[in-house]
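Peer 1: To start, I am sharing the structure in question, which I have written as structure tokens.
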Amino acid sequence: MRKGERVFIADTAVIKGDVEIGDDSSVWFNAVIRGDLDKVVIGRRTNVQDNAVIHVDEGFPTVVGDNVTIGHSAVVHGCRISDNVLVGMNAVVLNGAEIGEYSIVGAGAVVTGKKFPERSLILGVPAKVVREITDQEMELIERSWKEYLKLKDRYLSNTL
């Protein structure tokens with residue numbers, strides 16, 4: 001594992017294999033990141049919340065951009081998540097999927113190996129684009145990663 005500066009990794013998180021984590025990112029309690037069959041790259045200021053799983057298959061690396069929120073219990077597997085994306089709680093993003101910048105994958109969605117354009121609201125099983133996200137939803141994406149940036153700093157400074 002290679003990690004940048006000011007990265008918080010909870011003591012119960014498991015990170016194995018070819019994994020790179022960018023500056024100011026955080027990996028929360030019971031999250032699992034496995035780069036055992038290919039590589040995992042996580043950008044800057046990205047948070048991987050409690051119980052989330054990031055994994056790969058041979059030929060399917062996982063690349064997660066900057067300013068991304070991976071919600072509680074989400075599964076991100078062999079896919080590409082662009083910058084400024086919110087992946088909701090219990091969502092599943094599968095091999096070969098590509099999520100465009102400034103998008104939201106709704107809670108519980110199951111995203112198969114398709115490419116989704118930027119500013120997409122992606123919902124359902126199987127997931128599909130239901131509309132372009134609003135300006136308020138773009139603010140939600142930003143607020144989500146910024147809240148976790150502050151929270152990670154509190155954990156790193158032992159002020160909790």
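The numbers here are math on the coordinates, done by the rules we state, and not lab data. In this text the structure is predicted, and so the values were computed from the model without any measurement. Here the Cβ is made from the backbone with ideal geometry for all residues, glycine too, and neighbour counts use every protein chain on show.
Peer 1: Between residue 156 and residue 10, what is the label-point separation in nm under the 7 Å Cα-to-beta-carbon projection?
Peer 2: 1.8 nm
Peer 1: When Lys and Arg each count +1 and Asp and Glu each count -1, what net charge do the other residues less than 14 Å away from residue 37, Cβ to Cβ, add up to?
Peer 2: -2
Peer 1: What is the Cα radius of gyration of the stretch 2-156 over 2.2 N^0.38 Å, N being its residue count?
Peer 2: The value comes to 0.93.
Peer 1: Shifting gears a bit: Sort 52-65, 74-87 by packing, meaning the average of other beta carbons within 10 Å per residue, with the highest value first.
Peer 2: Highest to lowest by the protection proxy: 74-87, 52-65.
Peer 1: Could I have the simple spin-label model distance between residue 112 and residue 37, label points 7 Å from Cα toward Cβ, reported in nm to one decimal?
Peer 2: Once both label points are built, they end up 1.9 nm from each other.
Peer 1: Student exercise: in the chain, how many lysine pairs 8 or more apart or on different chains have Cα atoms under 29 Å apart?
Peer 2: Taking the Cα cut-off of 29 Å, the pair count is 23.
Peer 1: Give me the number: length gained by fully extending residue 18 to residue 136, i.e. 0.36 nm times residue separation minus the C-alpha to C-alpha distance, one decimal in nm.
Peer 2: Gain on extension, residue 18 to residue 136, equals 38.8 nm.
Peer 1: Here is a further query. For the stretch 35-120, what does the equivalent ellipsoid look like in terms of its semi-axes, each the square root of 5 times an eigenvalue of the Cα gyration tensor, given largest first in whole Å?
Peer 2: Gyration-tensor ellipsoid for the stretch 35-120: 16, 14, 13 Å.
Peer 1: Can you give the relative contact order of the chain as a percent, counting alpha carbon pairs under 8 Å and 6+ residues apart?
Peer 2: Relative contact order of the chain: 15 percent.
Peer 1: If each DSSP helix of 4+ residues adds -39,500 (n - 2.57) and the sum is divided by the residues in the chain, what number results at 222 nm, nearest 500 deg cm²/dmol?
Peer 2: The helix-only estimate for the chain comes to -5000 deg cm²/dmol at 222 nm.
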